[in-house]
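Step one of this worksheet: look at the structure below.
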Amino acid sequence: GLIFVFEWWHFRKYGTSFIEQVSVSHLRPLIGGVENSPPAPAAFSAGENEANRQNMPECKMWRNPLNLFRGAEYSRYMWVTGKEPLTYYDMNLSAQDHQNFFTCDTDALRPSDTVMQKAWRERNPQARIKAAYQALELNNDCATAYVLLAEEEATTIVDAERYFKQALKAGEMIYRKSQNCHSQSPQHEAQLRRDTNVLVYVKRRLAMCARKLGRIRESVKMMRDLMKEFPLLSMLNIHENLLEALLELQAYADVQAVLAKYDDISLPKSAAICYTAALLKARAVSERFSPETAFKRGLSTAEINAVEAIHRAVEFNPHVPKYLLEMKSLVLPPEHILKRGDSEAVAYAFFHLQHWKRIEGALHLLHCTWEGTFRMIPYPLEKGHLFYPYPSCTETADRELLPTFHEVSVYPQKELPFFIHFTAGLCSFSAMLALLTHQFPELMVVFAKAVTACSYGWLLCPSPLSLFLPCSF
């Protein structure tokens, strides 16, 4: 029973059987076994298989476009609940991002930037904040110091916005200086790239502050201006911030215009793109949609388009519907996401659930149609319908990104390992024997002696005929 409970816990937490894992990792090498290489999927033709292998997207971590503020949001959650909302792995990725965005080779020329370079590497939040103040003592116009204070020391969005406005003033001044001398040497070019990153980051976070404080039209204008000023920085996915703000304004025509530009076959997809496209198509039919009526008369063209859009979105990220339909509880989204994974689903639903609820009948249409996607892709790890096969690495990566108190969504659902069935059967059989022995001790003693005698006789004469001989043999 204890072995069964431990096996079940290990499978729920890590997705594998503990006994099987120990057998493969430790026992097989000792007895000289060799692991068999997994067979190649046979669902592709040779050319198709090769093309998919070349184009298969890796499990790359992406910066969450709508990530929350550490001091004003993540820390407040931890103070209230006592639970750490961010994993060490996620925060370590953020530290690497900050070093890539906000540092360059010329930092040694400016003492304040040298201090900030060390600050981004600090693990202790208080040490980072202390270093930011030291940098400001050396240079009152150190933009990255204000950025760190806005992210980590500010306990409200108002305080964070105040710090970011100071960062913007300092960042614009440094950016203009870098523009004037960027062609002098490669070092100056690197400094311009760094100062550009700082300026874009600050403007984006200011737009997000305006969105959180209810100044949505101002936020939309800031995002549009930022995308026009720096059109080459589309990899930062600022359009996803714009989509969410436009949905809050219920400016659906503007949302469609943004989708027309970014929902392109040559551009990387995201849950925000796919599910927003599905939401707009569902909006046209959801209010009058009825499964019974649709079954009798068939689906109209608009309903077919809406259902196909939902199927497309579900194929891209099958974890999202359970959060939108509130079949799974949400947690605070991580600072990084894995596209098509549970982390992306959490991040999307956290910000967009309200937009689905606002459109009457949209969630009902999703509830009636989303599971039909899986009939089109019976083997999602081998072959997709509109996208590449679903990556098999998402579960492991999502467990690193999401907190331990969150139950990670797994797709496709794994079958229970053999050893869980085996230990469950063994546990049940042992319990039944114990119960019978307790209730009928004398009969069980006779039965045990008879079984022992038969087994002993079979061992002495292991021929087929011995099976038919009486136990007294």
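The values are calculated or read from the model by the stated rules, or taken from the named source; none is laboratory data. Quick caveat, the model's predicted, so the values are computed rather than measured. Note that each Cβ is placed from the backbone with ideal geometry, even for glycine, and that neighbours are counted across all protein chains shown. The area values use the complete protein model at the heavy-atom level, side chains included, leaving out ligands, DNA and RNA. Shrake-Rupley method; radii C 1.70, N 1.55, O 1.52, S 1.80 Å.
If you filter region 56-79 down to residues that are touching a Ser or Thr at 6+ places or on another chain (Cβ under 8 Å) and part of a helix (DSSP H, G or I), you find that the one that is most open to solvent (accessible area, probe 1.4 Å) is ARG76. Does region 80-102 contain any residue that is open to solvent by 20 Å² or more (accessible area, probe 1.4 Å), of a type in the set (Gly, Ala, Ser), farther than 25 Å from GLY384 by Cβ and modelled with pLDDT of 90 or more? Within region 80-102 (the criterion being open to solvent by 20 Å² or more (accessible area, probe 1.4 Å), of a type in the set (Gly, Ala, Ser), farther than 25 Å from GLY384 by Cβ and modelled with pLDDT of 90 or more), the answer is yes, since at least one residue qualifies.
Cβ-Cβ distances below 7 Å connect the following pairs, each with a first residue in region 85-114 that is on the phi < 0 side of the Ramachandran plot, a second residue that is at pLDDT 90 or above and of a type in the set (Asp, Glu), and a separation of six or more residues or different chains: LEU86/GLU335; THR87/GLU400; TYR89/GLU400; ASP90/GLU335; SER94/GLU335.
Take the residues of region 357-376 that are on the phi < 0 side of the Ramachandran plot and in a loop (DSSP other than H, G, I, E, B): which is least open to solvent (accessible area, probe 1.4 Å)?
At the first step, the residues of region 357-376 found to be on the phi < 0 side of the Ramachandran plot are 357-360, 362-376.
Narrowing the set further to residues that are in a loop (DSSP other than H, G, I, E, B) leaves 359-360.
Working: ILE359: 16, GLU360: 125 Å².
Checking each candidate, the answer is ILE359.
In region 151-163, the residues that are closer than 18 Å to ASP141 by Cα reach residues that are open to solvent by less than 50 Å² (accessible area, probe 1.4 Å) and of a type in the set (Ser, Thr, Tyr) with C-beta atoms within less than 7 angstrom, at least six apart or across chains, in these pairs: TYR163/TYR146. LEU332 satisfies every condition listed in (1) open to solvent by less than 10 Å² (accessible area, probe 1.4 Å); (2) of a type in the set (A, V, I, L, M); (3) touching a Pro at 6+ places or on another chain (Cβ under 6 Å) except (1). What do you reckon, is LYS269 assigned to a loop (DSSP other than H, G, I, E, B), buried (at least 19 other Cβ atoms within 10 Å of the Cβ) and either hydroxyl-bearing (Ser, Thr, Tyr) or in the same structural domain as HIS364 (by the TED database) (or both)? Yes. Counting only residues that are of a type in the set (Lys, Arg) and under 31 Å from the mean Cα position of the chain (by Cα), which one in region 282-315 is nearest to GLU360 (Cα to Cα)? Looking at residues that are of a type in the set (Lys, Arg) and under 31 Å from the mean Cα position of the chain (by Cα), I get ARG283. Being open to solvent by less than 20 Å² (accessible area, probe 1.4 Å), over 27 Å from the mean Cα position of the chain (by Cα) and not β-branched (Val, Ile, Thr): is that true of ALA210 here? Spelling it out, it is not the case that ALA210 is open to solvent by less than 20 Å² (accessible area, probe 1.4 Å), over 27 Å from the mean Cα position of the chain (by Cα) and not β-branched (Val, Ile, Thr).
What do you reckon, is TYR379 in a loop (DSSP other than H, G, I, E, B), surrounded by fewer than 14 Cβ atoms within 10 Å (Cβ to Cβ), at negative phi and not β-branched (Val, Ile, Thr)? Steps first, please.
Numbers: in a loop (DSSP other than H, G, I, E, B): yes; surrounded by fewer than 14 Cβ atoms within 10 Å (Cβ to Cβ): yes; at negative phi: yes; not β-branched (Val, Ile, Thr): yes.
Spelling it out, TYR379 is indeed in a loop (DSSP other than H, G, I, E, B), surrounded by fewer than 14 Cβ atoms within 10 Å (Cβ to Cβ), at negative phi and not β-branched (Val, Ile, Thr).
Which of the residues that make up region 226-266 are more than 26 Å from HIS336 (Cβ to Cβ), open to solvent by less than 70 Å² (accessible area, probe 1.4 Å) and part of a helix (DSSP H, G or I)? Answer for region 226-266, where residues must be more than 26 Å from HIS336 (Cβ to Cβ), open to solvent by less than 70 Å² (accessible area, probe 1.4 Å) and part of a helix (DSSP H, G or I): LEU249, TYR252, ASP254, ALA257. Listed conditions (1) touching a Lys or Arg at 6+ places or on another chain (Cβ under 6 Å); (2) of a type in the set (Gly, Ala, Ser); (3) without any contact (Cβ under 8 Å) to a residue 12 or more places away in the chain are all met by GLY298, apart from (1).
Matching residues to (1) assigned to a helix (DSSP H, G or I); (2) under 16 Å from ASN197 (Cβ atoms); (3) under 33 Å from the mean Cα position of the chain (by Cα):
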| site | (1), (2), (3) |
| --- | --- |
| ASP90 | yes, no, yes |
| PHE101 | yes, yes, yes |
| MET116 | yes, yes, yes |
| LYS130 | yes, no, yes |
| THR144 | yes, yes, yes |
| VAL147 | yes, yes, yes |
| LEU168 | yes, yes, yes |
| ILE174 | yes, yes, no |
| LYS177 | yes, yes, no |
